[in-house]
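Q: This is the structure I have questions about; it appears just below.
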Amino acid sequence: MILEEELLRRAGMISGAIEELLPVVPPRELYAAGRHLVDAGGKRLRPSMLLMAAEAVGGDLRAVVPAAVSIELVHNFTLIHDDIMDNAETRRGRPAVHVKWDEAGAILAGDTLYSKAFEILTVAEARPEEMVASVKMLAKTCAAICEGQWLDMEFERRDEVTEAEYLEMIEKKTGVLYGAAAWMGARLSGAAEKEADGLERFGRLVGMAFQIQDDVLDLTAPAKVLGKPRGGDLAEGKKTLIMIHAMARGARIEIFGKKNASQEEIEAALDALRGSGSIDYARRKAVGLVEEGKAALAPLPESEAKALLLELADYMISRSY
(Lines give C-alpha, C1' and ligand atoms only; values in the text may rest on other atoms or scores of the structure.)
Protein backbone atom coordinates (compact mmCIF):
# COMPACT_ATOMS: atom_id res chain seq x y z
CA MET A 1 0.00 0.00 0.00
CA ILE A 2 1.54 3.29 -1.15
CA LEU A 3 0.05 5.31 1.72
CA GLU A 4 1.57 3.05 4.37
CA GLU A 5 4.98 3.31 2.71
CA GLU A 6 4.70 7.10 2.50
CA LEU A 7 3.55 7.38 6.12
CA LEU A 8 6.49 5.24 7.24
CA ARG A 9 8.90 7.41 5.27
CA ARG A 10 7.57 10.60 6.81
CA ALA A 11 7.42 9.05 10.27
CA GLY A 12 11.10 8.18 9.91
CA MET A 13 11.92 11.78 9.00
CA ILE A 14 9.98 13.05 12.00
CA SER A 15 11.56 10.55 14.41
CA GLY A 16 15.02 11.49 13.20
CA ALA A 17 14.24 15.19 13.63
CA ILE A 18 12.95 14.57 17.17
CA GLU A 19 16.30 13.01 18.08
CA GLU A 20 18.00 16.19 16.90
CA LEU A 21 15.51 18.81 18.07
CA LEU A 22 14.45 17.27 21.41
CA PRO A 23 17.54 15.57 22.87
CA VAL A 24 17.50 14.01 26.33
CA VAL A 25 19.53 16.55 28.31
CA PRO A 26 19.80 17.35 32.04
CA PRO A 27 17.65 16.97 33.97
CA ARG A 28 17.59 13.72 32.01
CA GLU A 29 14.58 12.17 33.73
CA LEU A 30 12.41 15.16 32.75
CA TYR A 31 13.26 14.77 29.08
CA ALA A 32 13.10 10.98 29.29
CA ALA A 33 9.56 11.35 30.63
CA GLY A 34 8.72 13.77 27.83
CA ARG A 35 10.11 11.40 25.23
CA HIS A 36 8.44 8.30 26.75
CA LEU A 37 5.32 8.33 24.56
CA VAL A 38 7.03 10.11 21.67
CA ASP A 39 9.53 7.27 21.39
CA ALA A 40 6.80 4.63 21.76
CA GLY A 41 5.95 5.36 18.16
CA GLY A 42 2.42 6.08 17.17
CA LYS A 43 1.40 6.61 13.56
CA ARG A 44 2.64 10.23 13.31
CA LEU A 45 -0.51 11.06 11.34
CA ARG A 46 -0.71 14.72 12.35
CA PRO A 47 2.86 15.67 11.43
CA SER A 48 2.62 13.56 8.28
CA MET A 49 -0.46 15.55 7.29
CA LEU A 50 1.56 18.75 7.72
CA LEU A 51 4.29 17.42 5.44
CA MET A 52 1.79 16.23 2.82
CA ALA A 53 0.03 19.60 2.89
CA ALA A 54 3.35 21.37 2.31
CA GLU A 55 4.09 19.09 -0.63
CA ALA A 56 0.58 19.58 -2.04
CA VAL A 57 1.20 23.33 -2.42
CA GLY A 58 4.69 22.88 -3.86
CA GLY A 59 6.61 23.52 -0.63
CA ASP A 60 9.96 22.19 0.49
CA LEU A 61 9.22 19.26 2.77
CA ARG A 62 12.49 19.49 4.70
CA ALA A 63 11.96 23.18 5.45
CA VAL A 64 8.83 22.42 7.46
CA VAL A 65 9.96 19.28 9.30
CA PRO A 66 10.48 21.26 12.56
CA ALA A 67 6.85 22.42 12.31
CA ALA A 68 5.79 18.80 11.92
CA VAL A 69 7.78 17.92 15.06
CA SER A 70 6.05 20.74 16.94
CA ILE A 71 2.64 19.28 16.00
CA GLU A 72 3.73 15.84 17.23
CA LEU A 73 4.95 17.27 20.53
CA VAL A 74 1.67 19.11 21.12
CA HIS A 75 -0.19 15.87 20.44
CA ASN A 76 1.94 13.97 22.94
CA PHE A 77 1.60 16.73 25.53
CA THR A 78 -2.18 16.30 25.33
CA LEU A 79 -1.87 12.51 25.67
CA ILE A 80 0.20 12.80 28.85
CA HIS A 81 -2.32 15.13 30.46
CA ASP A 82 -5.31 13.13 29.17
CA ASP A 83 -3.93 10.00 30.83
CA ILE A 84 -3.60 11.83 34.14
CA MET A 85 -7.19 13.08 33.93
CA ASP A 86 -8.51 9.67 32.91
CA ASN A 87 -6.37 7.75 35.43
CA ALA A 88 -5.22 5.63 32.48
CA GLU A 89 -2.65 2.98 33.31
CA THR A 90 -1.22 2.36 29.83
CA ARG A 91 -0.70 4.12 26.52
CA ARG A 92 0.69 2.57 23.33
CA GLY A 93 1.36 -0.62 25.23
CA ARG A 94 3.58 1.16 27.76
CA PRO A 95 2.94 2.40 31.29
CA ALA A 96 1.42 5.89 31.15
CA VAL A 97 3.90 8.67 31.99
CA HIS A 98 2.24 9.44 35.33
CA VAL A 99 2.44 5.75 36.25
CA LYS A 100 6.17 5.58 35.57
CA TRP A 101 7.21 9.04 36.86
CA ASP A 102 4.27 10.01 39.14
CA GLU A 103 1.66 12.66 38.47
CA ALA A 104 3.83 15.69 39.21
CA GLY A 105 6.54 14.41 36.90
CA ALA A 106 4.02 13.76 34.13
CA ILE A 107 2.58 17.28 34.40
CA LEU A 108 6.08 18.74 34.07
CA ALA A 109 6.90 16.43 31.17
CA GLY A 110 3.74 17.51 29.34
CA ASP A 111 4.42 21.19 30.02
CA THR A 112 7.95 20.77 28.69
CA LEU A 113 6.69 19.24 25.44
CA TYR A 114 4.20 22.10 25.09
CA SER A 115 6.93 24.71 25.54
CA LYS A 116 9.41 22.96 23.27
CA ALA A 117 6.78 22.69 20.54
CA PHE A 118 6.76 26.48 20.12
CA GLU A 119 10.54 26.76 20.32
CA ILE A 120 11.01 24.03 17.69
CA LEU A 121 8.35 25.51 15.40
CA THR A 122 10.48 28.63 15.00
CA VAL A 123 13.30 26.52 13.52
CA ALA A 124 11.21 25.92 10.39
CA GLU A 125 12.32 27.86 7.32
CA ALA A 126 9.63 30.39 6.42
CA ARG A 127 9.01 34.10 5.93
CA PRO A 128 8.57 36.00 9.21
CA GLU A 129 4.91 36.79 8.57
CA GLU A 130 4.13 33.14 7.88
CA MET A 131 5.95 32.09 11.04
CA VAL A 132 4.05 34.60 13.18
CA ALA A 133 0.76 33.40 11.70
CA SER A 134 1.71 29.77 12.40
CA VAL A 135 2.72 30.46 15.99
CA LYS A 136 -0.63 32.20 16.49
CA MET A 137 -2.45 29.27 14.88
CA LEU A 138 -0.71 26.74 17.12
CA ALA A 139 -1.46 28.80 20.25
CA LYS A 140 -5.15 29.11 19.31
CA THR A 141 -5.25 25.41 18.58
CA CYS A 142 -3.81 24.48 21.98
CA ALA A 143 -6.45 26.63 23.69
CA ALA A 144 -9.18 24.99 21.60
CA ILE A 145 -7.90 21.52 22.57
CA CYS A 146 -8.19 22.50 26.24
CA GLU A 147 -11.74 23.73 25.60
CA GLY A 148 -12.57 20.43 23.95
CA GLN A 149 -11.13 18.43 26.82
CA TRP A 150 -13.09 20.54 29.30
CA LEU A 151 -16.30 19.88 27.37
CA ASP A 152 -15.49 16.16 27.33
CA MET A 153 -15.12 16.14 31.12
CA GLU A 154 -18.23 18.29 31.56
CA PHE A 155 -20.27 15.87 29.46
CA GLU A 156 -19.41 13.05 31.90
CA ARG A 157 -21.22 14.99 34.64
CA ARG A 158 -24.33 15.65 32.54
CA ASP A 159 -27.27 13.34 31.98
CA GLU A 160 -27.80 14.41 28.38
CA VAL A 161 -25.52 15.59 25.59
CA THR A 162 -26.72 16.37 22.07
CA GLU A 163 -25.04 15.20 18.90
CA ALA A 164 -24.26 18.81 17.98
CA GLU A 165 -22.51 19.32 21.32
CA TYR A 166 -20.51 16.14 20.83
CA LEU A 167 -19.41 17.25 17.35
CA GLU A 168 -18.30 20.62 18.73
CA MET A 169 -16.31 18.82 21.41
CA ILE A 170 -14.45 16.50 19.03
CA GLU A 171 -13.84 19.35 16.61
CA LYS A 172 -11.95 21.15 19.38
CA LYS A 173 -10.41 18.15 21.11
CA THR A 174 -9.19 16.37 17.97
CA GLY A 175 -10.15 18.08 14.72
CA VAL A 176 -8.40 21.40 15.24
CA LEU A 177 -4.91 19.91 15.60
CA TYR A 178 -5.26 18.09 12.28
CA GLY A 179 -6.61 21.31 10.78
CA ALA A 180 -3.73 23.34 12.17
CA ALA A 181 -1.22 20.80 10.88
CA ALA A 182 -2.56 21.00 7.33
CA TRP A 183 -2.88 24.79 7.46
CA MET A 184 0.62 25.32 8.86
CA GLY A 185 2.17 23.01 6.27
CA ALA A 186 0.56 25.09 3.55
CA ARG A 187 1.04 28.52 5.09
CA LEU A 188 4.71 28.00 5.98
CA SER A 189 5.21 26.93 2.36
CA GLY A 190 3.79 30.21 1.06
CA ALA A 191 0.42 28.84 -0.14
CA ALA A 192 -2.43 31.09 -1.20
CA GLU A 193 -5.02 31.78 1.51
CA LYS A 194 -7.71 29.79 -0.34
CA GLU A 195 -5.45 26.73 -0.50
CA ALA A 196 -4.42 26.97 3.16
CA ASP A 197 -8.02 27.42 4.31
CA GLY A 198 -9.16 24.45 2.23
CA LEU A 199 -6.44 22.30 3.78
CA GLU A 200 -7.39 23.47 7.29
CA ARG A 201 -11.02 22.48 6.67
CA PHE A 202 -9.91 19.16 5.25
CA GLY A 203 -7.73 18.40 8.26
CA ARG A 204 -10.33 19.48 10.78
CA LEU A 205 -13.14 17.39 9.30
CA VAL A 206 -11.11 14.22 8.75
CA GLY A 207 -9.69 14.74 12.26
CA MET A 208 -13.24 14.66 13.62
CA ALA A 209 -13.85 11.48 11.64
CA PHE A 210 -10.64 10.07 13.14
CA GLN A 211 -12.02 10.68 16.65
CA ILE A 212 -15.32 8.97 15.84
CA GLN A 213 -13.36 6.01 14.50
CA ASP A 214 -11.37 6.01 17.75
CA ASP A 215 -14.65 5.80 19.66
CA VAL A 216 -15.69 2.85 17.51
CA LEU A 217 -12.34 1.11 17.94
CA ASP A 218 -12.48 1.58 21.71
CA LEU A 219 -15.42 -0.80 21.66
CA THR A 220 -14.51 -3.12 18.81
CA ALA A 221 -10.71 -3.52 18.61
CA PRO A 222 -8.87 -6.17 20.66
CA ALA A 223 -7.01 -4.85 23.72
CA LYS A 224 -3.65 -6.04 22.39
CA VAL A 225 -4.21 -3.94 19.27
CA LEU A 226 -5.43 -0.87 21.17
CA GLY A 227 -2.60 -1.03 23.70
CA LYS A 228 -5.19 -0.53 26.47
CA PRO A 229 -8.29 -2.39 27.75
CA ARG A 230 -11.29 -2.41 25.40
CA GLY A 231 -14.40 -0.48 26.42
CA GLY A 232 -12.56 2.18 28.42
CA ASP A 233 -14.94 4.90 27.20
CA LEU A 234 -17.93 2.94 28.52
CA ALA A 235 -16.33 2.42 31.91
CA GLU A 236 -15.37 6.10 32.10
CA GLY A 237 -18.90 7.19 31.22
CA LYS A 238 -17.84 9.15 28.14
CA LYS A 239 -20.70 10.54 26.05
CA THR A 240 -19.47 9.42 22.64
CA LEU A 241 -21.61 9.67 19.52
CA ILE A 242 -22.30 5.95 19.90
CA MET A 243 -23.70 6.41 23.41
CA ILE A 244 -25.64 9.55 22.49
CA HIS A 245 -27.32 7.68 19.63
CA ALA A 246 -27.98 4.60 21.79
CA MET A 247 -29.48 6.62 24.65
CA ALA A 248 -31.75 8.50 22.24
CA ARG A 249 -33.12 5.13 21.13
CA GLY A 250 -33.71 3.91 24.65
CA ALA A 251 -30.90 1.36 24.78
CA ARG A 252 -30.01 0.42 28.35
CA ILE A 253 -26.28 0.14 28.94
CA GLU A 254 -26.16 -0.91 32.59
CA ILE A 255 -22.38 -0.60 32.98
CA PHE A 256 -22.10 2.92 31.55
CA GLY A 257 -19.82 4.79 33.95
CA LYS A 258 -19.01 1.67 35.97
CA LYS A 259 -15.23 1.95 36.27
CA ASN A 260 -14.71 -1.60 37.54
CA ALA A 261 -16.87 -3.29 34.89
CA SER A 262 -15.78 -6.81 33.98
CA GLN A 263 -14.86 -7.77 30.44
CA GLU A 264 -17.98 -9.93 30.29
CA GLU A 265 -20.15 -6.93 31.18
CA ILE A 266 -18.39 -4.82 28.55
CA GLU A 267 -18.99 -7.49 25.90
CA ALA A 268 -22.70 -7.60 26.82
CA ALA A 269 -22.89 -3.81 26.50
CA LEU A 270 -21.19 -4.03 23.12
CA ASP A 271 -23.88 -6.45 21.93
CA ALA A 272 -26.56 -3.98 23.04
CA LEU A 273 -24.86 -1.14 21.18
CA ARG A 274 -24.64 -3.22 18.03
CA GLY A 275 -28.32 -4.05 18.37
CA SER A 276 -29.27 -0.37 18.65
CA GLY A 277 -27.46 0.39 15.37
CA SER A 278 -25.38 3.00 17.18
CA ILE A 279 -21.96 1.72 16.12
CA ASP A 280 -23.03 1.65 12.46
CA TYR A 281 -24.51 5.14 12.86
CA ALA A 282 -21.19 6.46 14.12
CA ARG A 283 -19.36 4.85 11.21
CA ARG A 284 -21.74 6.52 8.72
CA LYS A 285 -21.20 9.90 10.37
CA ALA A 286 -17.43 9.47 10.07
CA VAL A 287 -17.75 8.63 6.35
CA GLY A 288 -19.80 11.78 5.80
CA LEU A 289 -17.20 13.97 7.50
CA VAL A 290 -14.42 12.46 5.41
CA GLU A 291 -16.30 13.08 2.16
CA GLU A 292 -16.96 16.67 3.20
CA GLY A 293 -13.30 17.11 4.06
CA LYS A 294 -12.11 15.68 0.76
CA ALA A 295 -14.33 18.15 -1.10
CA ALA A 296 -12.46 21.01 0.60
CA LEU A 297 -9.32 20.05 -1.34
CA ALA A 298 -10.94 21.01 -4.66
CA PRO A 299 -8.90 24.26 -4.99
CA LEU A 300 -5.64 22.29 -4.94
CA PRO A 301 -4.09 21.22 -8.25
CA GLU A 302 -3.86 17.49 -8.85
CA SER A 303 -0.60 16.03 -7.55
CA GLU A 304 0.83 12.94 -5.89
CA ALA A 305 0.70 14.73 -2.52
CA LYS A 306 -2.99 15.60 -2.97
CA ALA A 307 -3.73 11.98 -3.88
CA LEU A 308 -1.94 10.88 -0.69
CA LEU A 309 -4.03 13.31 1.38
CA LEU A 310 -7.22 11.88 -0.10
CA GLU A 311 -5.98 8.36 0.63
CA LEU A 312 -5.07 9.43 4.17
CA ALA A 313 -8.61 10.70 4.69
CA ASP A 314 -10.02 7.29 3.79
CA TYR A 315 -7.47 5.60 6.04
CA MET A 316 -8.72 7.64 9.01
CA ILE A 317 -11.95 5.65 9.04
CA SER A 318 -10.77 2.31 7.65
CA ARG A 319 -7.92 1.76 10.13
CA SER A 320 -8.24 -1.01 12.69
CA TYR A 321 -6.12 0.62 15.43
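Q: Of the numbered conditions (1) touching a Leu at 6+ places or on another chain (Cβ under 8 Å); (2) under 29 Å from Ser134 (Cα atoms), Asp82 fails exactly one; give the number of that condition.
A: (1)
Q: Would you mention how many residues in region 5-63 are hydroxyl-bearing (Ser, Thr, Tyr) and either under 21 Å from Gly105 (Cβ atoms) or in contact with a strand residue (DSSP E or B) (Cβ under 7 Å, 6 or more places away or on another chain) (or both)?
A: 1
Q: Only one of (1) in a helix (DSSP H, G or I); (2) open to solvent by 20 Å² or more (accessible area, probe 1.4 Å); (3) closer than 21 Å to Glu200 by Cα fails for Ala53. Which number is that?
A: Of (1) in a helix (DSSP H, G or I); (2) open to solvent by 20 Å² or more (accessible area, probe 1.4 Å); (3) closer than 21 Å to Glu200 by Cα, only one is false for Ala53: (2).
Q: Another question, then. Being of a type outside the set (D, E, K, R), open to solvent by 40 Å² or more (accessible area, probe 1.4 Å) and touching a helix residue (DSSP H, G or I) at 6+ places or on another chain (Cβ under 8 Å) narrows it down to one residue among Met153, Met169; which is it?
A: Met153
Q: Which condition breaks for Gly41 when tested against (1) at pLDDT 95 or above; (2) closer than 30 Å to Leu310 by Cβ?
A: (1)
Q: Let me ask something else about it. Just give me the residues in region 1-56 being of a type in the set (Val, Ile, Thr) and within 19 Å of the chain's Cα centre (by Cα), in sequence order.
A: If the condition is that a residue be of a type in the set (Val, Ile, Thr) and within 19 Å of the chain's Cα centre (by Cα), then Ile14, Ile18, Val38 are the ones that fit.
Q: Yes or no: Glu302 without any contact (Cβ under 8 Å) to a residue 12 or more places away in the chain and part of a loop (DSSP other than H, G, I, E, B)?
A: It is true that Glu302 is without any contact (Cβ under 8 Å) to a residue 12 or more places away in the chain and part of a loop (DSSP other than H, G, I, E, B).
Q: Now a separate question. Of the residues in region 233-246, how many are at pLDDT below 90 and over 16 Å from Lys173 (Cβ atoms)?
A: So the answer is 3.
Q: Considering only region 179-210, state which residues are of a type outside the set (A, V, I, L, M, F, W, C) and either free of Cβ contacts under 8 Å to residues at least 12 places away in the same chain or open to solvent by 30 Å² or more (accessible area, probe 1.4 Å) (or both).
A: Those that are of a type outside the set (A, V, I, L, M, F, W, C) and either free of Cβ contacts under 8 Å to residues at least 12 places away in the same chain or open to solvent by 30 Å² or more (accessible area, probe 1.4 Å) (or both): Arg187, Ser189, Gly190, Glu193, Lys194, Glu195, Asp197, Glu200, Arg201, Arg204.
Q: Within the set of pairs 6+ apart or on separate chains, which have a first residue in region 229-241 that is among the β-branched types (Val, Ile, Thr), a second that is part of a helix (DSSP H, G or I), and C-beta atoms under 7 Å apart?
A: Qualifying pairs under 7 Å: Thr240/Asp215; Thr240/Asp233.
Q: Do you know which residues across region 117-146 are open to solvent by 30 Å² or more (accessible area, probe 1.4 Å) and in contact with a Ser or Thr (Cβ under 8 Å, 6 or more places away or on another chain)?
A: Selection gives Phe118, Ala126, Val135.
A quick yes/no check of all residues on (1) farther than 29 Å from Glu193 by Cβ; (2) in contact with a helix residue (DSSP H, G or I) (Cβ under 6 Å, 6 or more places away or on another chain); (3) not in a helix (DSSP H, G or I):
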| site | (1), (2), (3) |
| --- | --- |
| Ile242 | yes, yes, no |
| Ala251 | yes, yes, yes |
| Asp271 | yes, no, no |
| Ala286 | no, yes, no |
| Gly293 | no, yes, no |
| Leu297 | no, yes, yes |
| Leu308 | no, yes, no |
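The values are calculated or read from the model by the stated rules, or taken from the named source; none is laboratory data. Quick caveat, the model's predicted, so the values are computed rather than measured. Here Cβ is always computed from backbone atoms with ideal geometry, including for glycine, and neighbour counts include all displayed protein chains. The area values use the complete protein model at the heavy-atom level, side chains included, leaving out ligands, DNA and RNA. Shrake-Rupley method; radii C 1.70, N 1.55, O 1.52, S 1.80 Å.
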